[in-house]
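Only one structure is covered here, and it is reproduced in the block below.
The values are calculated or read from the model by the stated rules, or taken from the named source; none is laboratory data. Not measured: the values here are computed from a predicted model. Please note: Cβ atoms are built from the backbone with ideal geometry, for glycine as well, and neighbour counts cover all protein chains shown.
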Amino acid sequence: MQLAIDATYSVDPHPSGIAIYSREILSGLAATYPGDRFLYCYRPKQFARAPKTYAVNVKRRLLLPPLPTFRAGLFHALNQRVDSRPAKRVVTTFHDLFVLTAEYSSRDFRARFAEQARRAAAQSDWIIAVSNFTAMQIVELLGFDRRRIRVIPHGVHLPNLSETRQRTKTILFVGALQIRKNVARLVEAFESLPHDWKLVLAGAPSGYGAEGIQTRIQASRARDRIVMAGYVSREELHRLYAEAAIFAFPSLDEGFGIPVLEAMAYGVPVLTSNGSALMEVAAGAAITVDPRRTDEIAEGLRQLASDDALREALAAKGRIRAEQYPWKRSVRETYLVYREASGG
């Protein structure tokens, strides 16, 4: 097969969720299926920054509106944007639809994103949803036929845990400072922990509502125990996961939740939300709380901070859970969708 894939979102100097997914799917497909040919397609700004050399079965192409028709049997949009039909068959990955359900972003962004999502659904023959929760939203909010949705979760690489590293009394959060991530409530809940614990917030400091969150952090009575690390490299993130004693991710809405899976892979006991897709990822391997109840978040943190045996048990369960989500599974199941969409 010759397959065209929108690689736009893989070009990101600070890769997070969708960029990580894009890179894993692109590289995994090219390596796993050397007999097929892949066109990595970039919009103009990203085309200029895209790599110049690729695997022998990969070529790059430019996406210009309106999208050209590629000599490919199928086009895969990796992030719910399809401006027109560039191939006979179109597959689109949907990661989340939070912009259609709550005010977690600016009005302009919500309007633009909502229109893109509706257009993508209308242009797609098949949709890949990264969770059952997202699949349900695609049906309910966009009216897409559930029979043409395939659920393929994100993945994770399992680190080598044979290198022992001293866990410190650190609660780690990974994600941008934004309202949807519920950082302000996490900070308030953290204030009830003993004074020998610290909270590390690793992620971009410029998300929607970040100014108010930073104001809350500065006013916290535990301010001297809160570290705002900002965006960190993968190497630094590896160190933070390896040293943290607790991972806290009480997000209000997630289409999947890669940081939860990464923390589990590193053997960090997890506290997360009991809603959206996070319950699917946690699946009994984490403490789950109502993210809108600060008292529940605080109680969960206190339980983990005071109970070594509980932390060890959840760390073991989490590692087993993470083992079920290798990226190679995501790549293989994505390719099967291509085969299905192309008639076998």
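A compact table of results
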{"item": "Positions within the stretch 227-260 being surrounded by 18 or more Cβ atoms within 10 Å (Cβ to Cβ) and either assigned to a strand (DSSP E or B) or outside the structural domain of ALA316 (by TED's automatic domain parsing) (or both), in sequence order", "result": "ILE246, PHE247, ALA248, PHE249"}
{"item": "Some residue of the stretch 107-126 being part of a loop (DSSP other than H, G, I, E, B), at negative phi and buried (at least 23 other Cβ atoms within 10 Å of the Cβ)", "result": "yes"}
{"item": "Condition check for GLU280: more than 20 Å from TYR325 (Cβ to Cβ) and either of a type in the set (Asp, Glu) or assigned to a strand (DSSP E or B) (or both)", "result": "no"}
{"item": "Set VAL139, VAL174: member being touching a Leu at 6+ places or on another chain (Cβ under 9 Å) and either aliphatic (A, V, I, L, M) or assigned by TED's automatic domain parsing to the domain that holds SER106 (or both)", "result": "VAL174"}
{"item": "From ARG61, ARG112, ARG119, residue being within 20 Å of TYR338 (Cα to Cα) and of a type in the set (Lys, Arg)", "result": "ARG61"}
{"item": "Leading residue by the ranking (nearest to ARG85 (Cα to Cα)) among those in the stretch 113-144 that are out of contact with any helix residue (DSSP H, G or I) (no Cβ under 8 Å at 6 or more places or on another chain) and free of Cβ contacts under 8 Å to residues at least 12 places away in the same chain", "result": "ALA122"}
{"item": "The stretch 153-195, residues that are of a type in the set (S, T, N, Q) and either without any contact (Cβ under 8 Å) to a residue 24 or more places away in the chain or in a loop (DSSP other than H, G, I, E, B) (or both)", "result": "ASN160, SER162, THR164, GLN166, THR168, GLN178, ASN182, SER192"}
{"item": "Matching residues, the stretch 95-106, being among the acidic types (Asp, Glu) and crowded, with 20+ Cβ neighbours inside 10 Å", "result": "ASP96"}
{"item": "The one condition in (1) assigned to a strand (DSSP E or B); (2) aliphatic (A, V, I, L, M); (3) at pLDDT below 95 that LEU199 fails to fulfil", "result": "(3)"}
{"item": "Hits in the stretch 204-227 - residues which are closer than 28 Å to ARG167 by Cβ and either in contact (Cβ under 8 Å) with a residue 40 or more places away in the chain or among the acidic types (Asp, Glu) (or both)", "result": "ALA204, ASP224"}
{"item": "Given (1) touching a residue at least 40 places away in the same chain (Cβ under 8 Å); (2) more than 18 Å from the chain's Cα centre (by Cα); (3) in the same structural domain as VAL187 (by TED's automatic domain parsing), index of the condition ASP307 fails", "result": "(1)"}
{"item": "Flag if PHE133 is aromatic (Phe, Trp, Tyr), under 23 Å from TYR21 (Cα atoms) and touching a Leu at 6+ places or on another chain (Cβ under 7 Å)", "result": "no"}
{"item": "The stretch 284-300, subset modelled with pLDDT of 95 or more, assigned to a loop (DSSP other than H, G, I, E, B) and of a type outside the set (Asp, Glu), residue surrounded by the most Cβ atoms within 10 Å (Cβ to Cβ)", "result": "ALA286"}
{"item": "Positions within the stretch 132-150 being crowded, with 16+ Cβ neighbours inside 10 Å and either over 15 Å from ALA117 (Cβ atoms) or among the acidic types (Asp, Glu) (or both), in sequence order", "result": "PHE133, ARG150"}
{"item": "Exclusive hit being at pLDDT below 95 and of a type in the set (D, E, K, R), set ASP145, ASP125, ASP108", "result": "ASP108"}
{"item": "Selection within the stretch 1-28 - under 19 Å from GLY207 (Cα atoms) and touching a Lys or Arg at 6+ places or on another chain (Cβ under 8 Å)", "result": "PRO15"}
{"item": "THR92 surrounded by 20 or more Cβ atoms within 10 Å (Cβ to Cβ), among the β-branched types (Val, Ile, Thr) and assigned to a helix (DSSP H, G or I)", "result": "no"}
